[in-house]
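For reference, the structure discussed in these notes is given below.
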Amino acid sequence: MCGLLRLPTTKGKQHHMNPITLPMAELKPALTGLGKLIQKSHGLPVLKTIKVERTAEGWVSLTATDLDAFATVRLEQPAEGEPFAMLVPHEDLARTVKTCGKDENILVAPGNNQTGFIQYGLGSQIAEIQFEALPVAEFPETPRISGDPIPLPALLRSSIREAMECSSTDCTRLILNGACLDVTNPKAHYVVGTDGRHLFSSNSFSLPLKDSLIIPNHKFLGWPQFATDGEWQLRIGLPEKDKRTPFQITSRRWRFTSHPHEGNFPNWRQVIPAPNSAATTVDLDAEKIGGVLQTIQRMPCHDANNGTIGVANTNGKFHLLGKSTGTADWTRVPIDDAKCSGKDTSVFLNRELLTKALGFGLTRIELIDARSPLRLSNGGRQMIIMPVRADATPAPTTPPPPAIPAAAAAAAAEQPQNPPPTTAEQPKEETPMPKEPNGTNGATNTNGASRSTETKTEEPKAALDTAIAQVEIVRGDFRNAIAGLNKLGELLKQVQRENKTSDKEIQSVRQTLRSLQGVRI
């Protein structure tokens, strides 16, 4: 489908239609957005083309699709000429744009014998790229949606984008690959996105939706120019037999059409900490967030897998904690402009997630304890982040207890537990890395001997924890199996659409063969 460059002559040349003029100032950003849907590695040539169309009123539009989603942009000014549509290779248009100035125009029009051409200025002459034009009928039909528009104000638009940044990219958990417009609570509608490690939610919205909607996390929706192209409006299509209900998001010049993810979004409210459960609250200065982010980037990191960083309130002072190696001491960097209240607490988390939350403007940090989720919030927006271990590879002084089978765990859970240790025996949780005498991590008595009674009291609890963990593993396997079946269904639907397109191609070849059979030499 690669184009052929030549300098055309007018002699004997017949273009039956007025070409469509595409201003470079509009075409260049349009191709960037449409490129989010172009399937360069796909086997269907039609998915590598742009549908260029001129209506009877003279409006010119460009459309791209990846079979599941469609993006259409309308040019600012109408053009004279009869209505027609053609498919132009995206690769040829993109190559031409790179060689033209922003004040130039290019022309596209169908040629003779199933061809098309692109013309642009080359010095004092006109250069032409000729390409094989695929039939317009092969381009998938864009779903038509005539529902009432639902305005999406600026705060809701930004919340949708932020929720998508927090959504999962795991294809086996398709239901989490998008932003959920949760309308199950009539008094407060939410925008939610999660990947299992962190969760973002934003409320204070009221949408006239009957059911919740999961907007897929598409690259086009995260494109900044679409987000700034005027107010968004949402339309929900009517359900069709054996088809998913489409939705459409429009801006001033763009139109994005796709299908929502089907299924039940997880009960995300279960992971939200209860009100007034925070033991420590930290308020950061919104004007000084840039400095805090720069400090986080410069903090040493001993655990590249988790990107571990600590946040701590010590004697009313907020600190960031980091170290370069597992055996090094923690580097404590104070943040002078932070206001802390509550007890001394230290929590460790992934620094990328902390950076993301602060980048969203979530300047209030609420800590419960070292094992509970953190909550960062600002008004009706919040992010819940799961903590990580302070050390990636802890070195226990005693070998871990052997694994307990499920049956033994259930029996051990029924045994009476020993009374809890006294207050003097309970380990302190205020410091993340307690230094114990003789290099041990367990509590010691005044003679330096290790107390072994705590190990015995923890055995029944460890057995119960093992049983609960096994239940969670089985539950996770079921979730993954269901998500895998959903993904398989999506792939089968895509194969079905590809087969329909192939059938059209075969039918076209058959018709051509029949016409050739009737030719006599």
As an exercise: evaluate Val388 against (1) buried (at least 16 other Cβ atoms within 10 Å of the Cβ); (2) free of Cβ contacts under 8 Å to residues at least 60 places away in the same chain; (3) of a type in the set (Val, Ile, Thr) and give the number of the one condition it does not meet. (2)
Please go through segment 270-295 and give me each residue that is farther than 16 Å from Ser346 by Cα, buried (at least 18 other Cβ atoms within 10 Å of the Cβ) and in contact with a Leu (Cβ under 7 Å, 6 or more places away or on another chain), ordered by number. Val292
Within the set of pairs 6+ apart or on separate chains, which have a first residue in segment 261-272 that is under 26 Å from Gln248 (Cβ atoms) and touching a residue at least 24 places away in the same chain (Cβ under 8 Å), a second that is part of a loop (DSSP other than H, G, I, E, B) and of a type outside the set (Val, Ile, Thr), and C-beta atoms under 8 Å apart? His261/Asn177; Glu262/Arg244; Phe265/Ser212
Kindly indicate which of Gln225, Gln233, Gln248 is more than 19 Å from Pro151 (Cβ to Cβ) and polar (S, T, N, Q). Gln225
Can you say whether Lys28 is surrounded by fewer than 22 Cβ atoms within 10 Å (Cβ to Cβ), charged (D, E, K, R) and in contact with a Pro (Cβ under 9 Å, 6 or more places away or on another chain), as far as the supplied structure shows? no
Looking at Pro143, Pro153, Pro208, can you tell me which residue is surrounded by fewer than 18 Cβ atoms within 10 Å (Cβ to Cβ), in contact with a Pro (Cβ under 7 Å, 6 or more places away or on another chain) and either in contact (Cβ under 8 Å) with a residue 12 or more places away in the chain or in the same structural domain as Ala227 (by TED's automatic domain parsing) (or both)? Pro143
Any pair with Cβ under 7 angstrom, 6 or more apart, that starts in segment 484-506 at a residue that is loosely packed, with under 15 Cβ neighbours inside 10 Å and ends at one that is modelled with pLDDT of 75 or more and polar (S, T, N, Q): Gly484/Thr172
When you go through Gln130, Gln114 one by one, which is the residue that is polar (S, T, N, Q), on the phi > 0 side of the Ramachandran plot and not assigned by TED's automatic domain parsing to the domain that holds Leu209? Gln114
Which condition number does Leu67 fail, the rest of (1) of a type in the set (A, V, I, L, M); (2) at pLDDT 90 or above; (3) at negative phi being met? (3)
Checking Ala137, Ala133 in turn, the sole residue that is exposed (fewer than 15 other Cβ atoms within 10 Å of the Cβ) and modelled with pLDDT under 95 turns out to be Ala137
By residue number, the members of segment 219-232 that are buried (at least 19 other Cβ atoms within 10 Å of the Cβ) and within 15 Å of Ser159 (Cα to Cα) are Leu221, Trp223, Phe226, Trp232
Leading residue by the ranking (modelled with the highest pLDDT) among those in segment 166-195 that are of a type in the set (D, E, K, R) and within 21 Å of Leu207 (Cβ to Cβ): Asp182
Thr96 fails exactly one of (1) surrounded by fewer than 21 Cβ atoms within 10 Å (Cβ to Cβ); (2) at pLDDT 90 or above; (3) not hydrophobic (A, V, I, L, M, F, W, C), namely (1)
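The values are calculated or read from the model by the stated rules, or taken from the named source; none is laboratory data. Quantities reported herein were computed from a predicted structural model and do not represent experimental measurements. Using ideal geometry, Cβ is built from the backbone for each residue, glycine included, and neighbour counts are taken over all protein chains shown.
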